[in-house]
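Rule-based calculations on the coordinates, nothing more; no lab input. Note that the coordinates shown come from a computational prediction; the quantities given were computed from them, not determined experimentally. We place every Cβ from the backbone using ideal geometry, glycine too, and count neighbours over all the protein chains shown.
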Amino acid sequence: MAKLTQSVDLTSRGRVAVITVDNPPVNALSQHVRQGLRDGITQAQGDHAVQAIVIVCAGRTFIAGADITEFGKPPAEPGLHGVLDMIEGSSKPVIAAIHGTALGGGLEVTLACHYRVGVKDARFGLPEVKLGLLPGAGGTQRLPRVVGAEKALQMIVSGDPIRADEALKVGLIDEIVDGDLTAAGVAFAEKVLNEKRPLKKIRDLNDKIATAKAKPEIFSEFRKSVARQTRGFRAPENCIKAVEAAVTLPFDEGIKRERELFQELMRSPESKAQRYFFFAEREAAKIPDVPASTPGKEIKKAAVIGAGTMGGGIAMNFANVGIPVTVVEMNQEALDRGLGIVRKNYEATASRGRLTAADVEKRMGLITGTTDWNAVKDADIVIEAVFEEMPIKKEVFAKLDGLAKPDAILATNTSTLDVNEIASATRRPESVIGTHFFSPANVMRLLENVRGAKSSPTAVSTVMTLGRRIQKVPVLVGVCHGFVGNRMLHQRGTQAEQLILQGALPHQVDKVLTDFGFPMGPFAMGDMAGLDVGWRIRKGLGRKSPVADRICELGRFGQKTGSGYFKYEKGDRTPIPDPDVEKIIVDVATEQGITRRFISDEEILQRLLYPMVNEGAKILEEKIAIRASDIDVIWVYGYGWPVYRGGPMFWADQLGLKNVRDKLNEFRKQSGDAFWTPAPFLDRLANEGKSFTGQ
Ligand code: 3H9
């Protein structure tokens with residue numbers, strides 16, 4: 001065996017050379033991998049005893065792409081393009097034998113090979129678009145030549161991988177193999193040699209391109225079909241242009257065009273943000289004092305208290321991954337209603353073809369409804385999702401304390417309340433922790449796990465692992481009112497209210513945020529969630545929000561009543577500005593002695609988002625969040641902050657913290673309102689020329 005570099009070795013099996021890449025954790029194409037591939041091909045080419053070459057990977061996956069940690073650094077030779085040209089230009093057939101995920105540059109390596117075989121659970125994809133990039137090593141030119149332009153567009157613009165059976169069907173791989181992968185790759189190579197199969201160079205295949213050439217309208221049609229999901233992103237359009245180039249230009253010119261389009265993306269702020277976010281998301285899993293090795297409790301059975309919208313949605317998360325879950329309600333009627341909604345949700349998914357009727361029954365079969373609290377006795381975790389009122393929560397936890405298994409995790413879905421106080425209602429505060437799901441709980445990816453002062457490492461580890469198991473993105477935060485997400489949201493809400501009184505209108509405020517990239521603005525969001533909820537809470541607390549209160553007094557609770565801040569046509573969720581609401585706003589402003597004025601979009605954006613950044617700084621200083629990037633993960637997954645802007649803390653870093661701090665001071669001066677006082681941590685970083693995220 002010859003070790004070519006620290007991560008690549010070369011062996012031979014009879015007349016077949018085997019190049020093995022071993023670069024944990026995901027065999028990324030680091031410099032030494034590229035060098036090893038180049039040297040392996042060179043040596044095998046020069047060795048008369050070798051007649052074919054197999055490229056295979058050790059560990060859990062085939063090459064999962066370029067090494068993202070090398071991006072932004074000076075390029076190190078050999079470049080991937082050169083290595084791929086060598087592979088494709090080899091006079092001896094090169095076969096890729098694939099397991100795990102062949103992604104990005106990894107799939108591009110296989111496309112430079114003459115043949116590809118994969119195991120049945122392998123996945124194949126070009127996910128560069130998710131990093132704000134495009135496949136930059138020939139992927140946009142070779143993939144359409146194998147699978148056709150339409151399939152290539154779909155794969156490259158969605159970034160989603162396909163399974164081996166589909167890859168075989170569309171011609172991306174030549175065979176599905178099983179057993180020892182190296183042996184299977186070698187056996188396939190023998191077959192190629194014995195049958196004297198030609199060197200299949202994808203660059204020379206033109207049949208599928210010809211089909212697309214005759215139908216240029218596929219590109220405009222495709223653009224239209226993805227316009228909604230790709231709004232605001234830069235990479236998808238460049239991906240489409242690159243595939244168009246594959247169809248209209250000769251291969252080498254297409255490669256040049258791909259490179260230009262790739263470089264443009266690499267320099268873009270959108271890609272910088274998306275690459276930052278890739279690591280931010282993975283970083284969030286790391287808890288400094290609760291290492292990954294900390295044993296958590298295995299969750300074999302779960303219970304949820306409350307069959308309301310949240311409780312039902314939470315229960316679905318368990319059923320979706322095969323964990324039996326019991327839903328406990330106070331009365332049968334509420335239980336039936338709650339489980340009825342769960343069934344309706346599943347049936348709606350089935351009607352869109354994303355679940356079979358059998359799946360619906362299987363999942364419903366995992367959810368048991370009861371009014372008998374004794375049912376929590378065998379649950380490994382109990383999640384409380386009852387009314388957001390402290391006395392009720394404490395009563396529930398005291399009851400759970402007497403019933404649940406001694407080592408069960410007792411979790412609360414509170415979105416604002418003090419987890420420590422809730423824990424104090426039990427004799428086992430170490431087992432109590434917050435699991436804050438976002439509405440709709442079966443859809444939203446964020447899980448804000450709230451660590452109480454006494455929550456044990458086991459409790460923390462359990463809810464972080466559970467979060468990933470139920471396909472959420474868990475982020476650990478500490479206890480404070482509203483935790484990270486809602487505490488920052490509150491700042492934005494305060495300003496939204498001020499802005500409409502001082503001169504803006506709800507549709508203008510919302511448009512500024514949707515133009516920024518949010519799926520909706522605060523007023524449309526209020527209408528969707530229902531304005532009556534906040535109204536009732538305010539009444540209970542003796543608080544007022546004059547415009548919102550007046551709107552609610554008219555029975556305008558939002559979408560469900562056909563009007564709120566906006567009006568709605570029957571069966572349509574599009575918010576329509578309403579002169580009646582404008583009148584209410586103007587009346588309230590007059591009563592409060594406010595002279596309304598023109599407010600620019602720029603001022604609206606700054607006044608909505610800078611206070612959030614400022615609050616984020618306080619959250620970091622108080623150590624409620626472990627790191628700034630966790631706050632960004634919360635905002636992207638929980639509140640629709642556009643990922644191509646990285647999250648509020650990364651965004652502020654790009655603006656420059658000094659600029660943000662100075663603007664806060666300016667607003668404070670203009671308004672005389674202490675609300676705008678920069679957080680000491682922000683002030684300090686700004687003075688030191690530093691950033692929140694190191695970006
Ligand atoms: C590209 O290829 C450009 C080309 O077109 C050519 C240009 C010329 N690089 O996700 P996990 C780390 S762009 C460096 O938790 P999983 C990751 O940070 C690339 N590091 O595991 C983590 O580190 P840590 C296109 C990487 O099993 C560890 O590996 N490819 C890379 O849940 C484990 O990761 C992609 O976009 C990388 N490429 O999922 C694929 N990938 O342990 C990106 C991962 O310190 N990767 N790491 O936190 C993935 O989608 C997933 O990692 C994968 C495994 C599905 C492979």
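Just the Kirkwood number for the stretch 303-477, please: inverse of mean 1/r across all distinct Cα pairs, in Å, one decimal. Answer for the stretch 303-477: a Kirkwood hydrodynamic radius of 16.0 Å.
Prolate is the label for the chain, because a/c, from the alpha-carbon gyration tensor with a ≥ b ≥ c as root eigenvalues, is 1.5 or above and a/b exceeds b/c.
Based on DSSP H segments of at least four residues, each scored -39500 (n - 2.57), the chain has a per-residue ellipticity at 222 nm of -15500 deg cm²/dmol. Taking the Cβ of each residue in 22, 515 as the centre, tally the other Cβ atoms inside 10 Å and list the residues starting with the fewest. If I rank by nearby Cβ atoms, fewest first, I get 515, 22. Ignoring lysines fewer than eight residues from residue 570 along the same chain, the ones with Cα atoms less than 17 angstrom from its Cα are 560.
P(r) tail, the stretch 504-591: Cα-Cα pairs separated by more than 23 Å, 20% of all pairs.
Ordering 366, 153, 655 from the fewest to the most neighbouring beta carbons within 10 Å gives 655, 366, 153. Over all other residues within a Cβ to Cβ distance under 12 Å of residue 7, the charged ones net out to -2, with Lys and Arg as +1 and Asp and Glu as -1.
Put the Cα centre of the stretch 306-377 next to the Cα centre of the stretch 393-468 and the gap is 20 Å.
When the Cα positions of 437, 516, 28 are compared along the charge dipole of the chain, 28 comes out farthest toward the positive end, with charges on each C-beta of Lys, Arg, Asp and Glu.
When DSSP beta bridges are limited to those with both residues in the chain, what percentage is antiparallel, rounded to the nearest 5? The answer is about 30 percent antiparallel.
When the Cα positions of 446, 475, 463 are compared along the charge dipole of the stretch 441-503, 463 comes out farthest toward the positive end, with charges on each C-beta of Lys, Arg, Asp and Glu. Could you please state, rounded to a whole Å, how far the C-alpha centre of the stretch 621-695 is from the C-alpha centre of the stretch 487-548? Spelled out, the Cα-based centre of one part sits 21 Å from the other.
Using θ = phi - 60° in the Karplus curve 6.51 cos²θ - 1.76 cosθ + 1.60, the 3J(HN,Hα) couplings for the stretch 538-544 round to 4, 4, x, 8, x, 9, 10 Hz; x is entered for Gly and Pro.
Of all DSSP beta bridges in the stretch 2-266, what percent run antiparallel (nearest 5)? Write out the running numbers ahead of the final one.
Values: 11 of 31 bridges.
Of those bridges, close to 35 percent are antiparallel.
The H on the amide N of residue 412, modeled in the peptide plane, is under 5 Å from the matching H of 384, 433, 434, 435, each at least 5 residues off or on a different chain.
By average Cβ neighbour count within 10 Å, what is the ranking of 156-167, 349-360, 670-681, 128-139 from highest down? Walk me through the intermediate numbers first.
Details: 156-167: 18.9, 349-360: 11.8, 670-681: 13.8, 128-139: 26.9.
Output ranking for 156-167, 349-360, 670-681, 128-139: 128-139, 156-167, 670-681, 349-360.
Amide H contacts of residue 18: 11, 12, 13, 54, each under 5 Å away and 5 or more positions distant or on a separate chain (H built 1.01 Å from N in the peptide plane; Pro and chain starts excluded). Using only side-chain charges placed at the Cβ, +1 for Lys and Arg and -1 for Asp and Glu, the dipole size of the chain relative to its Cα centre rounds to 360 debye. Around the amide H of residue 368, modelled in the peptide plane, lie the amide H atoms of 325, 326, 327, all under 5 Å away and 5 or more residues distant in sequence or on another chain.
Of the residues 637, 568, the one with the fewest other Cβ atoms within 10 Å heads the list, and the complete ranking is 568, 637.
A simple rule links phi to the HN-Hα coupling: the Karplus curve 6.51 cos²θ - 1.76 cosθ + 1.60 with θ = phi - 60°, which for the stretch 506-518 gives x, 5, 5, 4, 4, 5, 4, 6, 6, 5, 5, x, 5 Hz, with x for Gly and Pro.
Report the full-extension gain for the segment residue 576 to residue 536: residue separation times 0.36 nm, less the Cα-Cα distance, to one decimal in nm.
Values: separation 40, 0.36 × 40 = 14.40 nm, distance 2.50 nm.
Using 0.36 nm per residue and subtracting the Cα-Cα distance, I get 11.9 nm.
Cross-linked pairs 301/362; 301/472; 73/272; 344/405; 208/241; 272/511: Cα-Cα separations exceed 22 Å for 344/405; 272/511.
When only C-alpha pairs under 8 Å and at least 6 residues apart count, what is the relative contact order of the chain, in percent?
Numbers: 1292 pairs, mean separation 59.0, N = 695.
Normalised by residue count, the contact order of the chain is 8 percent.
Sorted on the mean count of surrounding Cβ atoms within 10 Å across their residues, most packed first, peptides 415-424, 67-76, 380-389 read 380-389, 415-424, 67-76.
How high is the FRET efficiency between residue 600 and residue 175 when r is their beta carbon distance and R₀ equals 56 Å, given to the nearest 0.05?
Step by step, r from the Cβ atoms, then E = 0.35.
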